[in-house]
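Enquirer: First, the structure itself, so that you have it in front of you.
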Amino acid sequence: MYANRYRLSTPLFLLFAALLAAGIALPAQAQGQRPPAPQGVLSGSVQDSDTGEAISTATIAVWSSRDSSLVTGAVSNVDGTFMIEQIRPGSYYVKVSFIGYENAVANDINITPASPRVSLGAIRLTPDTQQLEGVEVVAEREAVTFEIDRTVYNTKDQITSTGGSASDVLQNIPSVEVDIDGNISLRGN
């Protein structure tokens with residue numbers, strides 16, 4: 001009778017012992033840890049250097065100065081402002097980019113526990129303009145255009161239209177026949 005009671009209580013005793021050991025071990029580990037360092041905040045705004053207008057959806061990338069690895073990033077709001085939170089203390093540089101503008105770089109940004117908030121102010125992006133020598137627009141006409149009351153055949157691009165006669169051009173149009181004497185018929189008429 002005691003043997004059955006002992007067997008049933010053994011799993012409960014082991015469970016209680018495990019919980020007690022875990023409860024004692026966790027506070028002992030927590031006592032050896034330092035409190036987490038305060039997280040930094042990086043803020044600013046992105047503007048066009050010529051007009052001063054806000055640039056929305058510009059990319060702001062925060063890079064580590066120590067090993068040039070990407071740490072975090074953000075996209076500017078509609079009014080051009082941005083705020084990046086949860087940055088650990090350290091030394092960083094920031095690259096700001098937007099399509100059609102030259103990249104801007106802000107160096108030597110230090111976030112410390114004493115000064116966790118850093119404002120970059122207004123970052124002005126310069127438009128990236130490149131002078132093109134010329135632009136040529138090339139379009140092709142449709143060979144056949146169907147309209148309500150007629151079908152139009154464009155023969156300008158045919159080789160026979162530059163060096164041949166009207167009879168030569170008509171021979172290349174479907175449903176049009178030109179006989180040896182130069183008589184023209186459309187579908188046999």
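Enquirer: Do you know which residues across the range 102-117 are in contact (Cβ under 8 Å) with a residue 60 or more places away in the chain, open to solvent by 70 Å² or more (accessible area, probe 1.4 Å) and in a loop (DSSP other than H, G, I, E, B)?
Expert: Pro113
Enquirer: For Ile99, are the conditions met, namely being open to solvent by 50 Å² or more (accessible area, probe 1.4 Å), in a loop (DSSP other than H, G, I, E, B), at pLDDT 90 or above and over 16 Å from Val62 (Cβ atoms)?
Expert: When the stated conditions are applied, Ile99 passes them.
Enquirer: What is the residue count in the range 79-88 for residues that are under 15 Å from Ile111 (Cβ atoms) and assigned to a strand (DSSP E or B)?
Expert: Total meeting the criteria: 5.
Enquirer: Of everything in the range 54-78 that's surrounded by 11 or more Cβ atoms within 10 Å (Cβ to Cβ) and assigned to a loop (DSSP other than H, G, I, E, B), which residue is farthest from the chain's Cα centre (by Cα)?
Expert: Across the range 54-78, the extreme among qualifying residues is Ser65.
Enquirer: Here's a check for you: in the range 118-141, which residue that is touching a strand residue (DSSP E or B) at 6+ places or on another chain (Cβ under 9 Å) and part of a loop (DSSP other than H, G, I, E, B) is farthest from Gln39 (Cα to Cα)?
Expert: Filtering first and then ranking leaves Asp128.
The values are calculated or read from the model by the stated rules, or taken from the named source; none is laboratory data. This is a predicted model, so every value here is computed, not measured. Neighbour counts run over all protein chains shown; Cβ positions are idealised from the backbone, glycine included. For the accessible areas, the whole protein counts, side chains as well, though only heavy atoms, and no ligand, DNA or RNA atoms are used. Shrake-Rupley method; radii C 1.70, N 1.55, O 1.52, S 1.80 Å.
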